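Quick notes on the structure that follows.
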Amino acid sequence: MIIYEAPKWVAKLPARPDHIPIGEFILNPAYGRADPAKSNPPFVCGITGKSYSVTEIAERVEYAARAIRRILKIDDINKGGAQTGFSEWEKVVGIFSINCIDYLTVCYAVHRVNGITSPANAAYNAAEFAYQLKDSKAKAIFTCAPLLDTALEAAKEAGISKEYVFLLPVPGEVTTAEMRKQAEGFRTFDDLVDEGRRLQALPDLQWENGFARKKVAFVSYSSGTSGLPKGVLISHFNMVTNVIQIIQYGKSFRDYSKPTNILALLPQSHIYALVVMNQSEPYVGNSAVVVPKFELVPFLDCIQRFKLSFLFLVPPLMILMAKNKALLDKYDLSSVQLIMTGAAPLTEELSLEMDKLYPWMKVVQGYGMTESSTVVTFTSGIDIWHGSSGCILPGIKCRIVNLEGEDLGEGEAGELLISADNIVIGYLNNKKANDETFVMEHGHRWLRTGDEAVVKKSSKGNQHVFIVDRLKELIKVSGFQVAPAELEGHLLNHPKVADCAVIPVPNDKTVEMPKAFVVLNPGVSPSEETKQELIKWVADHKSKHKRLGGGVEFIDIVPKSPSGKILRRLLRDKERDRRRA
Ligand code: 4UV
């Protein structure tokens, strides 16, 4: 077995508390967070500047939890709690909101009563959100005024009545008068906090040592290596581990002694934002400046106004920065020390171009997955190698294996396997996906990432991980997951479609876009009109990032293995050769 690990200069991963919820770990100075008196407020609204101190957030968690306990009719918050990690589905709460400063506070309040939160992509339509609510058996929803219509439609479909729908306060600037009117009568998170002040105090959680390892905190959705989106069971301990791994590694090139402000623009529902920007940064005493939506000018204003030092982005946002140099030059962006990008491949060319255009900003890359509670590797500021995803975080073992499962050495590309305490519990109710994805080998539990990677040694002697391709079906559009199986299932419901396969194709703006290869039913004309009809069929029923931006191509037969598995790889190779020609 050939194991790759963190560089020697990264301090070893220390022991971590495994008897407390993630919120307690992030907020309570007893567990190593930065001294609240010397910290910036954890979350600052990038529009209004509103924030709460660490103490205020801890209080809001406690009060809101009392009200949530009443709403979810939980007699005893410790009932059954110490027996199993994820059997109590009556306590799942769906979170469907654009970014706001209370996002993590509400999650922590749900955890405080032994509940589980299920963050959903705010770009989802009602059917997509309803799928997640039903699959996770959610009993209540926290949403926000701009998404209320969609949330209510999904709630109805999932059998959740209006009295279990609550609103998170998003800034007035992102709501219209009509949205505010519709939201009248719905209870807000602040209402629950106020109600909680008058309710009986909660008992402490009775978590034995080790319990946070099996207790689920979040059910996030990911399609993994194949199939439809699945509930990923992330334990409190998985997340605590990843936060410490990030900080332990970050210490090698960041000064955590002076609080600073960082950009929290990426969707809080996504694992990258949830853990890196919104938990690791507040833990070290920095402010996550929470921005609800992306527009270039307000984004630049925000950097200038809050003197942001770290920007966490995805490659499409870097492309915009590279393309709009003249506009960017009008702003004072001198505070920016570092840009971290991840969730999709960053080309060496773009990384070098950014370096040339904005030499004072270091461009680094991270690699992670929902199934690893996020970060696995990132570039240390002391050894930047353009195109690399950086070095491995402490406490993580990686292997690279070929199709036969044989271990590969430096310079040889194969599937990346990971073993660590941040690898999640598994998928919800999906034995087949669990057996395929989480495998026991050589006495360790390995996550099969479905990503093709190669390890190379830098001139400074550090092993860097390069993500060179994706072996799994997944498509990444602006960093968002799109599951080909979901689009294929939907296309097959169209009366003109006999069979189909969906693959990613490159795109200048979003890095990738889905493209459909379609076999038409006999007698259907393979016309441009039919293509447009199928593109509209997807656009009308799926969220924006899932639209067939790569187009539709008609074929005679979908290539399949003898067992009936779609050989998407053949279509991808064909498409690649065609584009190169
Ligand atoms: O499950 P998910 O949507 O998760 C992510 C997480 C991205 C992160 C996490 C921590 C970071 O510090 C950071 O910079 C980025 O995207 O999708 C997981 C899949 O996305 C692809 C890869 O196929 C994963 O299996 N992916 C994620 N990061 C990269 C990437 C990358 N740097 N380069 C290429 N592909």
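Each residue in the stretch 19-32 was checked for being over 23 Å from the mean Cα position of the chain (by Cα) and in a loop (DSSP other than H, G, I, E, B), and 3 pass. Give the residues of the stretch 351-368 that are open to solvent by 30 Å² or more (accessible area, probe 1.4 Å) and either near the ligand (Cβ under 9 Å from one of its atoms) or in contact (Cβ under 8 Å) with a residue 60 or more places away in the chain (or both), sorted by residue number. Hit for the stretch 351-368 is G368, nothing else. Given the condition farther than 25 Å from T241 by Cβ and either hydrophobic (A, V, I, L, M, F, W, C) or away from the ligand (no atom under 13 Å from the Cβ) (or both), answer yes or no: does some residue in the stretch 413-422 qualify? Scanning the stretch 413-422 turns up at least one residue that is farther than 25 Å from T241 by Cβ and either hydrophobic (A, V, I, L, M, F, W, C) or away from the ligand (no atom under 13 Å from the Cβ) (or both). Restricting attention to the stretch 459-472, report how many residues are surrounded by fewer than 16 Cβ atoms within 10 Å (Cβ to Cβ) and away from the ligand (no atom under 14 Å from the Cβ). Qualifying residue count for the region: 3. Evaluating S87 against the criteria (1) buried (at least 20 other Cβ atoms within 10 Å of the Cβ); (2) modelled with pLDDT under 95 leaves one unmet condition, (1). Give the residues of the stretch 477-498 that are within 15 Å of the ligand (Cβ to nearest atom) and in a helix (DSSP H, G or I), sorted by residue number. Within the stretch 477-498, P484, E486 meet the criteria. Only one of the numbered conditions (1) surrounded by fewer than 23 Cβ atoms within 10 Å (Cβ to Cβ); (2) in contact with a strand residue (DSSP E or B) (Cβ under 8 Å, 6 or more places away or on another chain) is not met by K432, and that is (2). Of the residues making up the stretch 374-397, those that are open to solvent by less than 10 Å² (accessible area, probe 1.4 Å) and within 13 Å of the ligand (Cβ to nearest atom) are T374, V376, T377, T379, S380, S388, S389, G390, C391, I392, L393, I396.
Per the listing A516, A501, A539, the residue uniquely under 27 Å from the mean Cα position of the chain (by Cα), in a helix (DSSP H, G or I) and hydrophobic (A, V, I, L, M, F, W, C) is A539. Just checking, which of I47, I74 is over 27 Å from F306 (Cα atoms) and assigned to a loop (DSSP other than H, G, I, E, B)? Result of the check over I47, I74: I74. Taking the listed residues G450, G489, the one that is open to solvent by less than 50 Å² (accessible area, probe 1.4 Å) and out of contact with any strand residue (DSSP E or B) (no Cβ under 7 Å at 6 or more places or on another chain) is G489, with no other qualifying. All of A177, A201 fail the test of being out of contact with any helix residue (DSSP H, G or I) (no Cβ under 9 Å at 6 or more places or on another chain) and either surrounded by fewer than 24 Cβ atoms within 10 Å (Cβ to Cβ) or basic (K, R) (or both), apart from A177.
Here R547 fulfils each of the conditions (1) more than 16 Å from the ligand (Cβ to nearest atom); (2) within 30 Å of F312 (Cβ to Cβ); (3) touching a residue at least 40 places away in the same chain (Cβ under 8 Å); (4) of a type in the set (D, E, K, R) apart from (3).
Residues that are touching a strand residue (DSSP E or B) at 6+ places or on another chain (Cβ under 8 Å) and open to solvent by 50 Å² or more (accessible area, probe 1.4 Å) do not occur anywhere in the stretch 548-555.
Annotation: of all residues in the stretch 226-261 being among the hydroxyl-bearing types (S, T, Y) and within 13 Å of the ligand (Cβ to nearest atom), the one that is most open to solvent (accessible area, probe 1.4 Å) is S226.
Kindly evaluate I20 against the criterion of being in contact (Cβ under 8 Å) with a residue 40 or more places away in the chain, open to solvent by less than 20 Å² (accessible area, probe 1.4 Å), in contact with a His (Cβ under 8 Å, 6 or more places away or on another chain) and over 22 Å from V289 (Cα atoms). Against the criterion (in contact (Cβ under 8 Å) with a residue 40 or more places away in the chain, open to solvent by less than 20 Å² (accessible area, probe 1.4 Å), in contact with a His (Cβ under 8 Å, 6 or more places away or on another chain) and over 22 Å from V289 (Cα atoms)), I20 qualifies. Pairs meeting the criteria (first residue in the stretch 63-92 and over 13 Å from A140 (Cα atoms), second residue of a type in the set (K, R) and at pLDDT 85 or above, beta carbons under 6 Å, at least 6 apart or on different chains) are Y63/R197; A65/R112; G85/K214; G85/K215. In the set (1) in contact with a helix residue (DSSP H, G or I) (Cβ under 6 Å, 6 or more places away or on another chain); (2) under 20 Å from L274 (Cα atoms), G387 fails one condition alone, (2).
Sub-8 Å Cβ pairs linking a first residue in the stretch 246-273 that is free of Cβ contacts under 8 Å to residues at least 40 places away in the same chain to a second residue that is open to solvent by 40 Å² or more (accessible area, probe 1.4 Å) and away from the ligand (no atom under 13 Å from the Cβ), at least 6 apart or interchain, are I247/Y256; G250/Y256, ordered by first then second residue.
Counting only strands (runs of 3 or more DSSP E) that sit wholly inside the stretch 375-476, those with at least 2 residues that are touching a residue at least 12 places away in the same chain (Cβ under 8 Å) and closer than 19 Å to G250 by Cβ are 463-470.
A single member of M340, M321 is at pLDDT 95 or above, open to solvent by less than 20 Å² (accessible area, probe 1.4 Å) and in contact with a Gly (Cβ under 6 Å, 6 or more places away or on another chain), and it is M340. For the stretch 1-17, which residues satisfy the criterion of being among the small types (G, A, S) and either more than 29 Å from E404 (Cβ to Cβ) or without any contact (Cβ under 8 Å) to a residue 60 or more places away in the chain (or both)? Correct list: A11, A15. Among the candidates E371, E348, the residue that is within 13 Å of the ligand (Cβ to nearest atom), out of contact with any Asp or Glu (no Cβ under 9 Å at 6 or more places or on another chain), open to solvent by 10 Å² or more (accessible area, probe 1.4 Å) and acidic (D, E) is uniquely E348. Of everything in the stretch 277-316 that is open to solvent by 10 Å² or more (accessible area, probe 1.4 Å), hydrophobic (A, V, I, L, M, F, W, C) and closer than 24 Å to V243 by Cβ, the residue that is nearest to the ligand (Cβ to nearest atom) is V314.
Filtering the stretch 115-145 to residues that are surrounded by fewer than 24 Cβ atoms within 10 Å (Cβ to Cβ) and farther than 26 Å from L487 by Cα leaves K139, A140.
The values are calculated or read from the model by the stated rules, or taken from the named source; none is laboratory data. What you are looking at is a predicted structure, and each value in this text was computed from that prediction instead of being measured. Every residue, glycine as well, gets a Cβ built from its backbone with ideal geometry; the counts of neighbours run over all protein chains shown. Note: areas computed on protein heavy atoms with side chains; ligands, DNA, RNA excluded. Shrake-Rupley method; radii C 1.70, N 1.55, O 1.52, S 1.80 Å.
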